Structures are given as C-alpha cells and as structure tokens.
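Below is one structure, written out as structure tokens, with a few remarks after it.
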Amino acid sequence: MTKWFPLKKNNRFYNAIPDHEPESVIFGTIPSLLKTFLKSFSRKKAQPADWLSPQQIPFRSKELSITWIGHATFLIQVADLNILTDPVFGEVSSFFPRILAPGVHLDTLPSIDYVLISHNHWDHMDAASLTALKERHPGMQVLVPQGDKQWFAKRNFVAHEYSWWESHQVEAAQFSFLPAVHWSGRGLFDTNRSLWGSWMIRAGQRSIYFAGDTAYGTHFKQIAHEYNEIDVALMPIGPCEPKEWMLRTHMNVERSLQAFQDLGANHFLPMHWGTFPFGHDHFDEPISLLKKEKSKNKSGVIHSIKAGSRQIIP
C-alpha cells in the first residue's frame, strides 16, 4: 500500500488530497466559526462530578496504563516510561472556557520522560502547560512535527522534530510520527508553516496509537498496513457539529469508529470531547453517541473513561 507523504509548497505543508485544503476550512466557514464563538459565550461553565474520577497514579509502570487527563491529554505509562500527549492543563482561550477540570493536577504527575505533540494548535500545544512541565520535569524531551522545533528551541526545551513515517528510537521505546488529515497554525499568518500528524508508541511489546486531530481518511489503513498489531487507539470523537465544517478536519463518533476498524486495534479510548466547547453540539453529545454505539456490541470500545481514571490495558 502506497504511503501518504505531506506536500510542501512555498514553505507551507498541505494534505495529500485536495478536499482538505486549509484555506477552504478557514475562510469558507466563517459564519459557522462565528456561531461557535457565540454559543461558547452562552454556555454555562460546568464541572460534571461524574466525569471526574482521579485515581492514584504510580511513579512508574511496566504494564500498559493510560490515564485520560482531558481533551487530547493522556498520561501513558508503559515499560517504566511516562509519556504525555498534547498537554493542556488550563484554559486555552477566553472564547472557549474549559468545561472539565484536568483529571490529574500538574503537581501530582509522576516524572515525565517524553511529551508528544501532534500539531501546534493552541488546544494541543499550550505554552503555559509546556513551560510548567519543563520547570517540574527538566529532563523531559519533546517530540514535535516538522517546523515546530524552533518554537521549543527558543524556550530552551530539548526537542526533536519529525516528518511522517520518521521515528525517534531509544533503548526502551520507538516513537513514530504518522499521517493525519488536518492543518496547523497559531496565528493569522503562519497557517501550515509546520506539519501535523499522529503518533505510534512501541514500548514493552505494546503498541499505542495517538491519533491527534484528524479527519477520516485512507491513512488509517496505511498505518494498519505498517503496524499489524495495535493494542490501543486513542481516538478523537468530536466536535461533531457543524458537520460541513468539522468533518473536513475532525471525526465524529461514526467516523472515528470506522477509523478504529481500519486500524484493526484491540481497544478504543475516546478523546477530544467534554473539555472545551469547540462545536455546536452539546459538550457531552460525543460520549452519549459513543455509548449508543457501544450498546451495538462494538468490540473493544471503552466508553466509560473519566478524567483521572487509570485504565489498565490487558
């Protein structure tokens, strides 16, 4: 199966298929974007107690343990390594007030070895959270998409950058940066100056796939072709609405489950829901839809994950 590689033109990256060009996503949907902003202001901030279930986190773990902290932030513990994905522990914008508190506080995290960044959007690459982590864990290393290393180097992080299908190899693990259908940008003038993607972690004879932000695409089958045994897939399930905008760069529950099937992974853990009001849908709509799908005997789907709960993957 032919691998996808990012396209680059005039110092900007592009997805491999024209239906997902970033300009049409941003400038063609301004009415939907404005509506989303207005809805975020009208929502009351909530802290659903039954979505939080903080548990004691071990300092290290040989077995595969995954704790959802919120949004796309997971603590992955395996083979005595502690790994964080897209760490966000606070607010990212006054337009989108945080709904769900972090399931693990910054000060109660175990020693962090690696941080994986899927792309540089504010809700995935948060400067305040990253700075706080570096202060607490000065030995941690950050693995980032191509084009983002300079941001970290200016702030004295130990960072390594990668394009799709490239890997960071250490004695205990391999981290591989893989395709996704999305875009990047932290301001008005840097759209797609850096790459975006997903990550595969292989450690302790286990494989963990972190999808980052992505629309549905054939890259999932390409990844499955290269990695024929995936223990767990961390998959986004929202925002869901408005579909004409969101599905160009994100996945709803239906498409995320199809991607999970394409990957051939054994376990599905949902993310990118219930933390920030990024779509028109109610903040608990994605998980409600996933529970309905689970009732149809979707094998391997773990829908009852709560922020702070520790999942031991058999």
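Annotations
- Residue ID - farthest from the chain's Cα centre (by Cα), chosen from residues in the stretch 107-119 that are surrounded by 20 or more Cβ atoms within 10 Å (Cβ to Cβ) and within 14 Å of A173 (Cα to Cα): Y114
- Meets criteria (at pLDDT 55 or above and more than 26 Å from E285 (Cβ to Cβ)) for P48: no
- Filtered by the rule that a residue be in contact (Cβ under 8 Å) with a residue 24 or more places away in the chain and out of contact with any Phe, Trp or Tyr (no Cβ under 6 Å at 6 or more places or on another chain), the stretch 279-298 gives G279, H280, D281, F283, D284, E285, L289, L290, E293, K298.
- Considering the conditions (1) β-branched (V, I, T); (2) closer than 26 Å to F283 by Cβ; (3) without any contact (Cβ under 8 Å) to a residue 60 or more places away in the chain, I99 is excluded by exactly one of them, (3).
- Only one of W196, W165 that is in contact (Cβ under 8 Å) with a residue 40 or more places away in the chain and either of a type outside the set (F, W, Y) or surrounded by fewer than 19 Cβ atoms within 10 Å (Cβ to Cβ) (or both): W165
- Once the stretch 173-193 is narrowed to residues that are without any contact (Cβ under 8 Å) to a residue 24 or more places away in the chain and not hydrophobic (A, V, I, L, M, F, W, C), the residue that is surrounded by the most Cβ atoms within 10 Å (Cβ to Cβ) is D190.
- Near pairs, Cβ below 6 angstrom, 6+ apart or cross-chain, from the stretch 299-314 (over 11 Å from N266 (Cα atoms)) to any residue that is small (G, A, S) and assigned to a loop (DSSP other than H, G, I, E, B): K306/S53; A307/G103; G308/S53; G308/G103; S309/S53
- Condition met for F260 (among the aromatic types (F, W, Y), part of a loop (DSSP other than H, G, I, E, B), over 19 Å from H124 (Cβ atoms) and out of contact with any helix residue (DSSP H, G or I) (no Cβ under 7 Å at 6 or more places or on another chain)): no
- Looking only at residues in the stretch 237-246 that are in a loop (DSSP other than H, G, I, E, B) and within 16 Å of the chain's Cα centre (by Cα), the one that is modelled with the lowest pLDDT is C240.
- In the stretch 97-113 there is at least one residue matching the filter, namely being among the hydroxyl-bearing types (S, T, Y), out of contact with any Ser or Thr (no Cβ under 6 Å at 6 or more places or on another chain) and closer than 17 Å to V158 by Cα.
- Checklist (1) part of a loop (DSSP other than H, G, I, E, B); (2) in contact with a helix residue (DSSP H, G or I) (Cβ under 7 Å, 6 or more places away or on another chain); (3) at pLDDT 90 or above applied to G274, failing item: (3)
- Figure legend. Inter-residue proximity from the stretch 109-128: first residues farther than 16 Å from Q141 by Cβ, second residues in a loop (DSSP other than H, G, I, E, B) and of a type in the set (K, R), beta-carbon distance below 6 Å, spacing 6+ or different chains. Indicated pairs: N120/R186.
The values are calculated or read from the model by the stated rules, or taken from the named source; none is laboratory data. A quick note: this is a predicted structure, and the numbers were derived from the prediction, not measured. We place every Cβ from the backbone using ideal geometry, glycine too, and count neighbours over all the protein chains shown.
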